[in-house]
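Okay, structure first, notes after.
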Amino acid sequence: MENKELKYRDVRYCVERSVLHEQEVRESDPRSTNTVRSVVGAARRKVRCSRSAAKALLFRFFPILHWLPRYPFKEWVLGDIVSGISVGILQLPQGLAYALLAGVPPVFGLYSSFFPVFVYSIFGTSRHVSVGSFAVVSIMIGSVTESLVPNDNFILPGNETIIDTVARDKARVELVAAITLLVGLFQLILGLVQFGFVVTYLSEPLVRGYTTAATIHVTVSQLKHILGLPLSERSHPLSLIYSLVSLFRRIQETNIGTLVVSLIALLFLFAVKEVNQRFNSKLCMPIPIELIVLIISTAISYGVNLHGTYGVGIVGDIPTGMVAPTVPSAAFFADVAGNAFAIAVVGYTITISLAKMFAMKHGYKVDSNQELIALGMSNLTGSFFHCFAVTTSMSRSLVQESTGGNTQIAGSISAIIILVIILKAGELFTCLPRAILSSIVIANLKGMYKQFMDIPLLWRTNKCDLLIWLVAFLSTICLNLDVGLAVAVVFGLFTVTFRTQLPHYSVLGQIAESDIYRDAELTLAKEVPGVKIFQSGSPIYFANAESYAKSLKMKMGVNVDKLIEKKKKAIQKRRKGLQKVINLAKVILAKTQKGSGLEFLTNKDGVIGSLRTLSESVPQGPVTLRSLGLEKLDFHSLILDFSAVNFVDTVGTKMLKNIFVEFHEVEVKVYIANCSSLVLRQLEISDFFNDNITQAAIFASIHDAVSFISSGPSSESSSLSEVTAI
């Protein structure tokens, strides 16, 4: 290991020496620069192609190679085993239940809880998230399967009440595999092109509003199983409303046996989950109430024959053993591409949000782009084994973290438990009532429904975020999951633009005897006499340039445009008066020339007096507001605080030029403070500076500008706007 590090340092040293040599040669002989540059390039390529670089690249794409050899076996193995068993027990009922949401037979929920989990253990960077089936993603898939492969397409001839479930399930499994393949491809491609930043456009209020609405979709979709009603799913806009209407129209057909089973299961599930939550610190692991309900209900259903006696719907045949891998059909790709992209983004958003939360809590880092690759590989691999798209489950991740899980070894152990069930124990759940699975789904949504408490919180803290939450919620409720997400994202981007168009503008004052400047209206800061400090909370670009100029003039307490107009009229009037004097003088001069016979007019006091009066009425000297009879402003300097301005476009640059020119006209010097090097560079490229606007007007801080103004000749008599007499 030491020899490899020494060898790598030697290569780095050679590169550094070659760079220095390149500079020396360039100074002595510029013609040999190309030769030296090629040598340096070869050395740099050698560094890039070194073993260390290849090793770093391998560790980046296969994080398990980095952490597994360093795994502290004695300290972590017991926690990972306990956590893996706990998650595996929870994963079994959730996998079966969420398969119903996706519109496929329950056994495919078990497949989705096995294959993708192992793949994520290899490629994932989070140590605590539990990958597998999740309600929101499952219902998004289910809405597509119910739309493209509805029950109506498989009604047996001659009997409108019997559906060929075998043919329907086969078609839906093929469709779901195609969706999962596209989801994996989208996530993998986005990860490879470093597109992990896409999650920044899905704000937390947007995601929480969207998932809350999706929770309602999930609940409504499970009511037919809770009540035992044979209703078909809808996936068009307002489908949720239509589903509720259809449900209430046929409420009298409710299967009483199914309803009783559902209510008893819900009662036990909610009660024990409340116990788990209240006594979380005292329990070594949460009570696996889902598994307990699963086993007891299956035993009762088998012993009492709920299906035959009371007509309670059961899961039916669950085949044991693994399925052979097959390539998903490409015939569905064109129909599901848009939905697949939405599922890919939502699945990634949920995963990275939870991954960052656990990483911050336990002090490690997750790679956003690598998480995309890990999810993409998980879904891509799962699609060949008839899995539906997976993401991170909030409930299972909390269990994995709270029961002592430290790495994805816990996830692998949970997958092994699912594997045992797939190979040996799957057929034991043949008599499991479907209503039990729906009850488990609804019980696990309790935490999601608590997100309604975001509404009063956001009302008190940030009404714009509340608006985003409500739009995401209502659009998803009314327009379904895919279109609702698109509307929510577009509205979220619109609010970003809207906020930068209408930022907070303020006039700053100085905190007594300090170099700190704050909003004079909101704090005890006092304005510097003769100096106005204007601050904007956003960049200056085409969308808010006009608003910036208007707000600046309004905050200054003077109508600059009107004052400039008055000044121009006064100057025009002065010029006309001066022109009259000149014209009269020319007339008198012409008529008093010798030989005209009018020489006596020069002796008339009236003519000379009127000429003197008219001449005195025209002001002499520099053209200033005061000399023109206009009121002078109560400040002589204006500082524009650019601390929040991170970019300026060409429209913003032109607007700033106009501000300098206009305030110059009303005898106010303009300065810029806290201007970043990037913004300064943008101003230089846009030809902002000229003979009248120089970089001497740029200051590193507000206090530097105030100190310069206070110590410099910034008085009224030496104002920048004084010009020479006309």
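Kindly provide the set of residues from the range 200-221 that are surrounded by 23 or more Cβ atoms within 10 Å (Cβ to Cβ) and over 16 Å from residue 480 (Cα atoms), ordered by number.
205
Considering each of 388, 332, 341 in turn, give the residue that is assigned to a helix (DSSP H, G or I) and crowded, with 21+ Cβ neighbours inside 10 Å. Explain how you work it out, then say what you get.
Details: 388 fails: assigned to a helix (DSSP H, G or I); 341 fails: crowded, with 21+ Cβ neighbours inside 10 Å.
Going through 388, 332, 341 in turn, the sole match is 332.
Of everything in the range 662-681, what is within 37 Å of the chain's Cα centre (by Cα), in a helix (DSSP H, G or I) and either crowded, with 20+ Cβ neighbours inside 10 Å or basic (Lys, Arg) (or both)? Give them in sequence order. Break it down stepwise before answering.
To start, the set of residues in the range 662-681 that are within 37 Å of the chain's Cα centre (by Cα) comprises 670-681.
The next check asks that each one be in a helix (DSSP H, G or I); those that pass are 677-681.
Result: 679, 681.
This table checks each residue for (1) in contact with a helix residue (DSSP H, G or I) (Cβ under 8 Å, 6 or more places away or on another chain); (2) surrounded by 12 or more Cβ atoms within 10 Å (Cβ to Cβ); (3) at pLDDT 85 or above.
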{"site": "538", "(1), (2), (3)": "yes, yes, yes"}
{"site": "549", "(1), (2), (3)": "yes, yes, yes"}
{"site": "552", "(1), (2), (3)": "yes, yes, yes"}
{"site": "562", "(1), (2), (3)": "no, no, yes"}
{"site": "572", "(1), (2), (3)": "no, no, no"}
{"site": "583", "(1), (2), (3)": "no, no, no"}
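In the range 356-369, how many are in a helix (DSSP H, G or I) and over 16 Å from the mean Cα position of the chain (by Cα)? First the steps, then the outcome.
Let us first name the residues in the range 356-369 that are in a helix (DSSP H, G or I), namely 356-362, 368-369.
Filter again for over 16 Å from the mean Cα position of the chain (by Cα), leaving 358-362.
The number of residues fulfilling the criteria is 5.
Taking the conditions exactly as written (farther than 22 Å from residue 388 by Cα, touching a residue at least 60 places away in the same chain (Cβ under 8 Å) and open to solvent by 10 Å² or more (accessible area, probe 1.4 Å)), does residue 197 satisfy them or not?
yes
Only one residue in 240, 269, 229 is outside any helix (DSSP H, G or I), open to solvent by less than 30 Å² (accessible area, probe 1.4 Å) and not hydroxyl-bearing (Ser, Thr, Tyr), so which one is that?
Exactly one of 240, 269, 229 is outside any helix (DSSP H, G or I), open to solvent by less than 30 Å² (accessible area, probe 1.4 Å) and not hydroxyl-bearing (Ser, Thr, Tyr), namely 229.
Restricting attention to the range 64-104, report how many residues are open to solvent by 30 Å² or more (accessible area, probe 1.4 Å) and modelled with pLDDT of 85 or more.
Qualifying residue count for the region: 18.
In a helix (DSSP H, G or I), within 30 Å of residue 367 (Cβ to Cβ) and at pLDDT below 85, is that true of residue 218?
Criteria not met by residue 218.
List the residue pairs whose Cβ atoms are under 9 Å apart, where the first residue sits in the range 678-689 and is among the polar types (S, T, N, Q), the second is open to solvent by less than 100 Å² (accessible area, probe 1.4 Å) and part of a loop (DSSP other than H, G, I, E, B), and the two are 6 or more positions apart or on different chains.
Taking only residues 6 or more apart or on different chains, the pairs are 682/647; 682/649; 682/688; 686/649.
May I ask you to say which residue of 468, 455 is part of a helix (DSSP H, G or I) and open to solvent by 50 Å² or more (accessible area, probe 1.4 Å)?
That would be 455, the only listed residue that is part of a helix (DSSP H, G or I) and open to solvent by 50 Å² or more (accessible area, probe 1.4 Å).
For the range 301-312, which positions are part of a helix (DSSP H, G or I) and in contact with a Pro (Cβ under 9 Å, 6 or more places away or on another chain)?
301, 306, 307
Evaluate the range 631-654: report whether one residue or more is at pLDDT below 80 and either exposed (fewer than 12 other Cβ atoms within 10 Å of the Cβ) or over 56 Å from the mean Cα position of the chain (by Cα) (or both). Break it down into steps so the answer makes sense when it comes.
Initial filter on the range 631-654 (at pLDDT below 80): 631.
Add one more test, that the residue is either exposed (fewer than 12 other Cβ atoms within 10 Å of the Cβ) or over 56 Å from the mean Cα position of the chain (by Cα) (or both), and what stays is 631.
Yes, that holds for at least one residue.
Please indicate, with yes or no, whether at least one residue in the range 438-452 is at pLDDT 90 or above, assigned to a helix (DSSP H, G or I) and either touching a helix residue (DSSP H, G or I) at 6+ places or on another chain (Cβ under 7 Å) or surrounded by 16 or more Cβ atoms within 10 Å (Cβ to Cβ) (or both). Give the steps one after another, and end with the answer.
Of the residues in the range 438-452, the ones at pLDDT 90 or above are 452.
Then keep just the ones that are assigned to a helix (DSSP H, G or I); that gives 452.
The next check asks that each one be either touching a helix residue (DSSP H, G or I) at 6+ places or on another chain (Cβ under 7 Å) or surrounded by 16 or more Cβ atoms within 10 Å (Cβ to Cβ) (or both); those that pass are 452.
Looking through the range 438-452, at least one residue is at pLDDT 90 or above, assigned to a helix (DSSP H, G or I) and either touching a helix residue (DSSP H, G or I) at 6+ places or on another chain (Cβ under 7 Å) or surrounded by 16 or more Cβ atoms within 10 Å (Cβ to Cβ) (or both).
How many residues are open to solvent by less than 30 Å² (accessible area, probe 1.4 Å) and part of a strand (DSSP E or B) if we restrict to the range 494-531?
Going through the range 494-531 one residue at a time, the tally reaches 8.
If residue 138 passes every condition in (1) closer than 21 Å to residue 339 by Cα; (2) not in a helix (DSSP H, G or I) but one, which one does it miss?
Unmet for residue 138, out of (1) closer than 21 Å to residue 339 by Cα; (2) not in a helix (DSSP H, G or I): (2).
Check the range 16-28 and report whether any residue there is among the acidic types (Asp, Glu), open to solvent by less than 50 Å² (accessible area, probe 1.4 Å) and at pLDDT below 50.
yes
Of the conditions (1) open to solvent by 10 Å² or more (accessible area, probe 1.4 Å); (2) at pLDDT 90 or above, residue 620 satisfies every one except a single condition; which number is it?
(2)
Residue-wise test of (1) touching a helix residue (DSSP H, G or I) at 6+ places or on another chain (Cβ under 9 Å); (2) closer than 24 Å to residue 241 by Cα; (3) among the hydroxyl-bearing types (Ser, Thr, Tyr).
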| residue | (1), (2), (3) |
| --- | --- |
| 464 | yes, no, no |
| 474 | yes, yes, no |
| 492 | yes, no, no |
| 495 | yes, no, yes |
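So which of 479, 398, 423 is surrounded by fewer than 24 Cβ atoms within 10 Å (Cβ to Cβ), among the hydrophobic types (A, V, I, L, M, F, W, C), at pLDDT below 90 and closer than 23 Å to residue 67 by Cβ?
398
For (1) open to solvent by 40 Å² or more (accessible area, probe 1.4 Å); (2) modelled with pLDDT under 85, each residue gets a yes or a no:
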| position | (1), (2) |
| --- | --- |
| 233 | yes, yes |
| 262 | no, no |
| 285 | yes, yes |
| 292 | yes, no |
| 303 | yes, no |
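Condition first: under 27 Å from residue 447 (Cβ atoms) and surrounded by fewer than 19 Cβ atoms within 10 Å (Cβ to Cβ). Now tell me which residues in the range 244-260 satisfy that.
The answer is 244, 247, 259, 260.
Identify the residue in the range 119-162 that is surrounded by fewer than 22 Cβ atoms within 10 Å (Cβ to Cβ) and among the charged types (D, E, K, R) and, among all such residues, is nearest to residue 238 (Cα to Cα).
Only one residue tops the list, namely 146.
In the range 351-379, what residues are crowded, with 22+ Cβ neighbours inside 10 Å, among the aliphatic types (A, V, I, L, M) and closer than 28 Å to residue 325 by Cα?
372, 373, 374, 375
So which residues in the range 630-652 are β-branched (Val, Ile, Thr) and either within 26 Å of residue 703 (Cβ to Cβ) or not in a helix (DSSP H, G or I) (or both), if there are any at all?
Correct list: 639, 645, 648.
What are the residues in the range 90-122 that are part of a loop (DSSP other than H, G, I, E, B) and closer than 21 Å to residue 269 by Cα, if any? Walk me through it before giving the result.
Our first condition is that a residue be part of a loop (DSSP other than H, G, I, E, B); within the range 90-122, this holds for 103-106, 113-114.
Hit for the range 90-122 is 106, nothing else.
The values are calculated or read from the model by the stated rules, or taken from the named source; none is laboratory data. Because the structure is a prediction, the values reported are computed rather than measured. Note that we place each Cβ from the backbone using ideal geometry, even for glycine, and neighbour counts take in every protein chain shown. Note: accessible area is taken over every heavy atom of the protein model, side chains too, but ligands, DNA and RNA are not part of it. Shrake-Rupley method; radii C 1.70, N 1.55, O 1.52, S 1.80 Å.
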